[in-house]
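Step one of this worksheet: look at the structure below.
The values are calculated or read from the model by the stated rules, or taken from the named source; none is laboratory data. What you are looking at is a predicted structure, and each value in this text was computed from that prediction instead of being measured. Backbone-built Cβ (ideal geometry, glycine too); neighbour counts: all protein chains shown. Ligands, DNA and RNA are stripped out before the accessible areas are found, and what is left, the full protein with its side chains, is counted by its heavy atoms. Shrake-Rupley method; radii C 1.70, N 1.55, O 1.52, S 1.80 Å.
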Amino acid sequence: MSKYLLDKFLYSIDRDPELVERYRDDPRGTVQWWEAERANVILNCPQAERSTWLTFTAAEREALATHDYVRLFELGSHNFLLLTLFIALFERDYDEPLAFQREFAARLGHWTAPYPDIST
Amino acid sequence: MAQVVAVIASTHHPFYYKAAASSGDDRPPFADEWVAKIEAFRQTLTRARPDVLVMVGSDHFHQLWLDNMPQFLIGKAPFYDANFYNEEREFGLPRMFVHGHEELSAYLLREGMDAGFDLAFSNELRIDHSITCPLITLRPQADLPIVPIYTNIFAPPLPQPKRFVELGKTIRRLVESWPSDQRVAIIGTGHLSLELGGPRQFGPHGPDPEFDRQAVEWIATGDLASALAQVSLDSLWLPGNATHGFMDFMLMMGVAGENAKADHVDSLDLFHTMEAYFTWYPKAAA
């Protein structure tokens, strides 16, 4: 499990308008690029001082590459990051206000507390 | 010594700015009632005539990140830019710019550490909607210097609820010992029951109305003993997966004091969350 890296992906995409669009249009390619080029960059350090050890598990990579937010919830990604980014990705495709958010909730409807642990 | 002229605790709802500014078909049916309640709440700060605002909130993964996460942090900067791209995108919040009060920041940092809180600090902090929402509701002209205090209610492992209460009590004591003639309002925002990114999000009301009713009673009566007896890091998952923001209310109960009855109490049942507003006027304040 690399929940930290899952969260780092969601966080890094969510704060960059160009990456939000890139991830919406090409999820698999964006995940592949990000894992190769960005996953090990420490956000407050020069690129040369990057980490050497961060990778997704196969399940995490596939969930990200398929925009599978139910699976990402189940893998323990941070609920706030997950919701915020996915609103940015898909709210625009729904006519009614909050319709995407309500569908998101319904698709997780089989879950009751305790939810998957989000601790990193 | 400085005087605490108001203690204010509320929820922070990022949609208020947009709802209040909307008109015609875009204006939600609850907007008028919401605006009326906020304007009454705003008066409770205005009448206290503060010179400086100490503002307690929590960064929502904007500047503070999991590679270096402080539990409690005080901003010590002459200025604060405010709000982020994703808050503009999702909530329509405006970019803002606020003056800081470095002298009070420095005092709270030094004295806070000497009082047993190893506080983190930031000399360049961009504040987010946990602090700009109460500015928009309570002081929209944003003309007073602030001291931002961030708590971690977001990224486990979190400090215990009792530490939030103790920090609140400490902030109150320190502000009242600050050698200054300034009038200080201490403002903090958090949440009642709240679900974000989970199956109970965006329902017709908050995910746990019974928790909300109980919480409003605890806050309004300053019942710290009951709140501390019934709230734990584990129990806060149950009313909704973002309910740890209630610990910022507990911090503010610590600022207000044990069994301190709030002078202004109001609430509003909105879709997906209950909004709640509290003001205390410390007895010595004139």
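For the range B:97-145, GluC sites (Glu not before Pro) meeting the loop criterion (DSSP other than H, G, I, E, B) and having at most 12 other Cβ atoms within 10 Å: B:GLU124. Chain B contacts chain A over a buried accessible area of about 2600 Å², both sides summed; the probe is 1.4 Å and only protein chains count. Taking the charge dipole of the protein assembly as shown about its Cα centre, with +1 at Lys and Arg Cβ atoms and -1 at Asp and Glu Cβ atoms, the residue from B:HIS99, A:THR55, B:PRO14 reaching farthest to the positive side is B:HIS99. Annotation: per residue accessible area for the protein assembly as shown equals 41 Å², rounded to a whole number [probe 1.4 Å, protein chains only].
For the residues of B:151-161, the average number of beta carbons from a partner chain within 10 Å of their own beta carbon is 2. Counting Cβ atoms of other protein chains within 10 Å of each residue's Cβ and taking the mean over peptide A:112-119 gives 4. The local environment of A:ARG107, defined by Cβ-Cβ distances under 12 Å, has a net charge of -1 under the rule Lys, Arg +1 and Asp, Glu -1.
Could you point to the residue in B:PHE117, B:TRP178, B:ALA227 farthest towards the positive end of the protein assembly as shown's charge dipole, with +1 and -1 charges on the Cβ of Lys/Arg and Asp/Glu respectively? Positive-end residue among those listed: B:TRP178. Each Lys or Arg adds one and each Asp or Glu takes one away; over the other residues whose Cβ falls under 15 Å from the Cβ of B:VAL52, this sums to -1. Summary value for the range B:101-218: 25 percent relative contact order, contacts being C-alpha pairs under 8 angstrom separated by 6+ residues. Of all DSSP beta bridges confined to the protein assembly as shown, the antiparallel ones make up roughly 45%. For the range A:36-77, the alpha-carbon radius of gyration amounts to 1.39 times the rule-of-thumb value 2.2 N^0.38 Å expected for a compact globular protein. Beta bridges per DSSP, both residues in chain B: antiparallel share near 45 percent. For chain A, the Kirkwood hydrodynamic radius comes to 15.0 Å, computed from all pairs of different C-alpha atoms. Which whole-number percent gives the relative contact order of the range B:1-113, counting Cα pairs below 8 Å spaced six or more residues apart? Computed over the range B:1-113, the figure is 25 percent. The mean of 1/r over all distinct Cα pairs in the range B:213-286, once inverted, gives the Kirkwood hydrodynamic radius of 13.0 Å.
Within the shell of other residues whose beta carbon sits under 13 angstrom from the beta carbon of B:GLU87, the net charge comes to -1, with Lys and Arg scored +1 and Asp and Glu -1.
Computed over chain B, the P(r) tail beyond 32 angstrom holds 17 percent of alpha carbon pairs. Here the protein assembly as shown has an Rg and Dmax of 20.9, 64 Å, counting Cα atoms alone.
The average projected area of the range B:29-100, computed from the convex hull of its Cα atoms over all directions, is 7.0 nm². Taken as Cα centroids, the range B:124-155 and the range A:1-29 sit 27 Å apart, rounded to the nearest whole angstrom.
Mean per-residue shielding of peptide A:85-94 is 1, counting Cβ atoms of other chains within 10 Å of each Cβ.
Under the convention that each Lys and Arg Cβ holds +1 and each Asp and Glu Cβ holds -1, the size of the dipole of the protein assembly as shown around its Cα centre is about 740 debye. Take the Kirkwood radius over Cα pairs of the range A:1-54, plug it into Stokes-Einstein at 25 °C and 0.890 mPa s, and you get 211 µm²/s for translational diffusion.
Each Cα pair under 8 Å and six or more residues apart adds its sequence gap; the mean of these over the residue count of the range A:50-120 is a relative contact order of 32 percent.
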